[in-house]
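The values are calculated or read from the model by the stated rules, or taken from the named source; none is laboratory data. Not measured: the values here are computed from a predicted model. Note that each Cβ is placed from the backbone with ideal geometry, even for glycine, and that neighbours are counted across all protein chains shown.
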Ligand SMILES: NC(=O)c1ccc[n+]([C@@H]2O[C@H](COP(=O)([O-])OP(=O)(O)OC[C@H]3O[C@@H](n4cnc5c(N)ncnc54)[C@H](OP(=O)(O)O)[C@@H]3O)[C@@H](O)[C@H]2O)c1
């Protein structure tokens, strides 16, 4: 690693093969970051090509082995970890009484363990550097559940993320490590490719879906704001602010 490289920021983005994670990876690369992008299938991505500044690592992020592989690749290629975006996540709407033990396990694994193990790896490196930033992606329905939207498991799993960020913020602020959350409303990504977009639009007081670029803007803001720590930015057209619109 030469001196010039040391000044450039290095990010890990999980769930980078699609939607929000893909948009973040592209935006960070455009801004001169070195990025390690990971998901189960990312090496086969048509949208991202490995390069000098982009390393692709395949793996199930709920597994500790994947977390270690991702962190090791980041240190090996770029020497440091400045930003971890815990973005990988799955959504499973279902009437509450129909969730199976398998549903429960995969949701807990992906949406909670998928943040936990890779964050442990990143924080260990950030403590050596005495700096770093962790951003978790939650969802606004963790604050504002909706009648008619049966999403107990997404709510249970995603509501842990702002609390996790606040805890990390407190535990590590003194060591120069920040942790923040972004909570989107409904974002126009492949996650909702087969859903009724007209219905989804009505879930926002703004009557429109959030664009990936708007989530990216929140990430870039958090990156530019060194005293913002333990924050949860809601990008939802105001849905969290009221119950009826
Ligand atoms: N879209 C929305 O309306 C919305 C709203 C609120 C919050 N969010 C949150 O935003 C995040 C991104 O969502 P999105 O809309 O961009 O979804 P998406 O387009 O479906 O992308 C999800 C990403 O997560 C990866 N992934 C899923 N399971 C994984 C696992 N076990 N291990 C590693 N990677 C895994 C997928 O890649 P592979 O299939 O290659 O593994 C993909 O890259 C999620 O956490 C989601 O809960 C989304």
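Going through 27, 50 one at a time, which residue ends up being farther than 21 Å from residue 128 by Cβ, touching a residue at least 60 places away in the same chain (Cβ under 8 Å), surrounded by fewer than 23 Cβ atoms within 10 Å (Cβ to Cβ) and more than 10 Å from the ligand (Cβ to nearest atom)?
27
Select, from 85, 135, 141, the only residue that is within 22 Å of residue 188 (Cβ to Cβ) and over 15 Å from the mean Cα position of the chain (by Cα).
One residue alone meets the criteria, 141.
Taking the condition of being within 15 Å of residue 61 (Cβ to Cβ) and not in a loop (DSSP other than H, G, I, E, B), how many residues in the stretch 25-45 meet it?
Adding up the residues that qualify gives 7.
Got a sec? Which of 63, 69 is within 12 Å of the ligand (Cβ to nearest atom), at pLDDT 95 or above and over 25 Å from residue 183 (Cα atoms)?
So the residue among 63, 69 that is within 12 Å of the ligand (Cβ to nearest atom), at pLDDT 95 or above and over 25 Å from residue 183 (Cα atoms) is 69.
Test of understanding: among 219, 203, 209, which residue is within 22 Å of residue 145 (Cα to Cα) and more than 8 Å from the ligand (Cβ to nearest atom)?
Checking each option against the conditions leaves just 203.
When the residues of the stretch 134-156 are narrowed to those that are touching a residue at least 60 places away in the same chain (Cβ under 8 Å) and part of a helix (DSSP H, G or I), which ends up farthest from residue 218 (Cα to Cα)?
Ranking the candidates gives 153 first.
Which of the residues spanning the stretch 77-133 are in contact (Cβ under 8 Å) with a residue 60 or more places away in the chain, out of contact with any strand residue (DSSP E or B) (no Cβ under 9 Å at 6 or more places or on another chain) and surrounded by 14 or more Cβ atoms within 10 Å (Cβ to Cβ)?
If the condition is that a residue be in contact (Cβ under 8 Å) with a residue 60 or more places away in the chain, out of contact with any strand residue (DSSP E or B) (no Cβ under 9 Å at 6 or more places or on another chain) and surrounded by 14 or more Cβ atoms within 10 Å (Cβ to Cβ), then 91, 92 are the ones that fit.
Conditions tested, residue by residue: (1) touching a strand residue (DSSP E or B) at 6+ places or on another chain (Cβ under 8 Å); (2) in contact (Cβ under 8 Å) with a residue 12 or more places away in the chain; (3) buried (at least 21 other Cβ atoms within 10 Å of the Cβ); (4) outside any helix (DSSP H, G or I).
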{"residue": "170", "(1), (2), (3), (4)": "no, yes, no, no"}
{"residue": "174", "(1), (2), (3), (4)": "no, no, no, no"}
{"residue": "180", "(1), (2), (3), (4)": "yes, yes, yes, yes"}
{"residue": "183", "(1), (2), (3), (4)": "yes, yes, yes, yes"}
{"residue": "205", "(1), (2), (3), (4)": "no, yes, no, yes"}
{"residue": "214", "(1), (2), (3), (4)": "yes, yes, no, no"}
{"residue": "222", "(1), (2), (3), (4)": "yes, yes, yes, no"}
{"residue": "228", "(1), (2), (3), (4)": "yes, yes, no, yes"}
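Consider the stretch 1-24. How many of its residues are over 24 Å from residue 209 (Cα atoms) and within 16 Å of the ligand (Cβ to nearest atom)?
Looking only at that region, the number is 2.
Out of curiosity, is residue 166 more than 12 Å from the ligand (Cβ to nearest atom) and touching a helix residue (DSSP H, G or I) at 6+ places or on another chain (Cβ under 7 Å)?
No: the conditions fail for residue 166.
Any idea which of 57, 13 is modelled with pLDDT of 95 or more, touching a strand residue (DSSP E or B) at 6+ places or on another chain (Cβ under 8 Å), surrounded by fewer than 24 Cβ atoms within 10 Å (Cβ to Cβ) and outside any loop (DSSP other than H, G, I, E, B)?
Within the list 57, 13, the selection yields 57.
For the stretch 119-140, which positions are under 17 Å from residue 182 (Cβ atoms) and within 15 Å of the ligand (Cβ to nearest atom)?
The answer is 119, 134, 135, 136, 137, 138, 139, 140.
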